[in-house]
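Since every read-out is calculated from the coordinates, none of them should be taken as a lab result. Since we're looking at a predicted model, the values are computed, not measured. No Cβ is skipped: glycine too gets one built from the backbone with ideal geometry, and neighbour counts run over all protein chains shown.
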Amino acid sequence: MHATQNTNKAWQVKDRADVGEVHVLPLGDTSEHAERRDCACLPRVEKPTNPNDKTLIVHYSFDGREAFEYAEGAYYVRHKRDA
Ligand SMILES: [Zn+2]
């Protein structure tokens, strides 16, 4: 994974422990995102194989930036918290 530093195209991982979801959100997007799986961007919902794990909600940017690399990072965050 490349350590790209593009402050205008940053992504944020928000751990919503209260609803058992981890949201990957684009920062400073052209439209607001709701931290819900029915967000207007129609985020990708990845159910965990382990029922004790959190559901990963990967939002799609409205401005077209790519999320693939960060999605991998989110997986890493998720698995790290299994311990
Ligand atoms: Zn969204």
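A few remarks follow.
- Ordered by the count of other Cβ atoms within 10 Å of each Cβ, fewest first, 55, 49, 30 give 49, 30, 55.
- Under-5 Å amide H pairs with residue 22, H placed in peptide plane, nonlocal only: 16, 55, 56, 57
- For 23, 33, order by how many other beta-carbon atoms lie within 10 Å, fewest first: 33, 23
- Packing-based exposure ordering (other Cβ within 10 Å, fewest first) of 42, 27: 42, 27
- Sequentially through the range 31-36, phi angles give Karplus couplings (6.51, -1.76, 1.60; θ = phi - 60°) of 9, 6, 10, 9, 7, 9 Hz, Gly and Pro residues having no value and appearing as x.
- Proximal charge balance of residue 40 [Cβ under 15 Å; K/R count +1, D/E count -1]: -2
- Under 5 Å between amide hydrogens, built in the peptide plane, is the criterion, and for residue 11 it picks out 27 among residues at least 5 positions away or on other chains.
- Note, ³J(HN,Hα) from phi for the range 39-50, Karplus 6.51, -1.76, 1.60, rounded to Hz, x at Gly and Pro: 4, 4, 7, 6, x, 7, 10, 10, 6, x, 6, 8
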